[in-house]
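> Sending over a structure as structure tokens; questions will come in a sec.
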Amino acid sequence: MSIIDKALTANRNYAKNYDPALGKRPAPKLAVVTCMDPRLSDLPGILGMPHADLDVIRTGGPAVTEDVLGELVVSTRVLGTREILLLNHTGCGFTTFTDEELNAKLSASTGDASPAPMRFFSYKDPEENTREQIKKVRAHPWIAKDIPVRGFIFDVETGLLSEVHPIRQHATA
Ligand SMILES: [Zn+2]
């Protein structure tokens, strides 16, 4: 049986005990942008909040793309989340290659270079990546200035979060 077929079978059982109250319109409190990495999936555990309080946006890295910015605008302006948490992590797969390398590798292994260059948003340093994300989100005119935007790195070995502080810009005369 395929993995998805197994999941469908499990879903029949899930639905038997499903609480229809969960189908009501959600009112999440916190927007979280994090990596697609499965080690970041237990966000209620990592952050000590119920699923219902979290509006989770996931991309590889994570990358704060134009799409992610649009989702954050909807999250804060339409759904009503009140803070934004940018969650990077140690040991991210997206630090193990450059976009150029992966494009070359896939073009060679598939024998088809027509999609290249794809943007994979690979990066090297999670702290620097987090600072860039904070800057990008903070700079968006539709994300209200009174919404806190904070960045963290999740250590996959210890389970601990550490905050990344943006480098202060010195005011120029
Ligand atoms: Zn990752």
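> Which helices (runs of 4 or more DSSP H) does segment 53-147 wholly contain that include 1 or more residues that are crowded, with 17+ Cβ neighbours inside 10 Å, basic (Lys, Arg) and at pLDDT 95 or above?
Hits in segment 53-147: 126-139.
> Before we move on, is residue 80 over 18 Å from residue 143 (Cα atoms) and not charged (D, E, K, R)?
No: the conditions fail for residue 80.
> Any residue in segment 60-76 that's closer than 24 Å to residue 90 by Cα: show its pairings with residues that are part of a loop (DSSP other than H, G, I, E, B) and open to solvent by 10 Å² or more (accessible area, probe 1.4 Å) at Cβ separation under 7 Å, as long as the two are six or more apart or on different chains.
Filtered contacts from segment 60-76: 60/36; 60/120; 60/121; 61/121; 61/123; 63/121; 69/140.
> Give the residue, chosen from 1, 49, that is surrounded by 12 or more Cβ atoms within 10 Å (Cβ to Cβ) and assigned to a loop (DSSP other than H, G, I, E, B).
49
> Let me ask another. Scan segment 4-29 for residues that are charged (D, E, K, R), assigned to a helix (DSSP H, G or I) and surrounded by fewer than 10 Cβ atoms within 10 Å (Cβ to Cβ) and jot them down.
Of the residues in segment 4-29, the ones charged (D, E, K, R) are 5-6, 12, 16, 19, 24-25, 29.
In the following step, the residues that additionally are assigned to a helix (DSSP H, G or I) were identified as 5-6, 12, 16.
Within segment 4-29, 5, 12, 16 meet the criteria.
The values are calculated or read from the model by the stated rules, or taken from the named source; none is laboratory data. Note that the structure is a prediction, hence the values are computed from the model and not measured. For neighbour counting, all protein chains shown are included, and Cβ atoms are generated from backbone atoms with ideal geometry for every residue, glycine included. Protein only, heavy atoms only, side chains kept; ligands, DNA and RNA dropped before computing areas. Shrake-Rupley method; radii C 1.70, N 1.55, O 1.52, S 1.80 Å.
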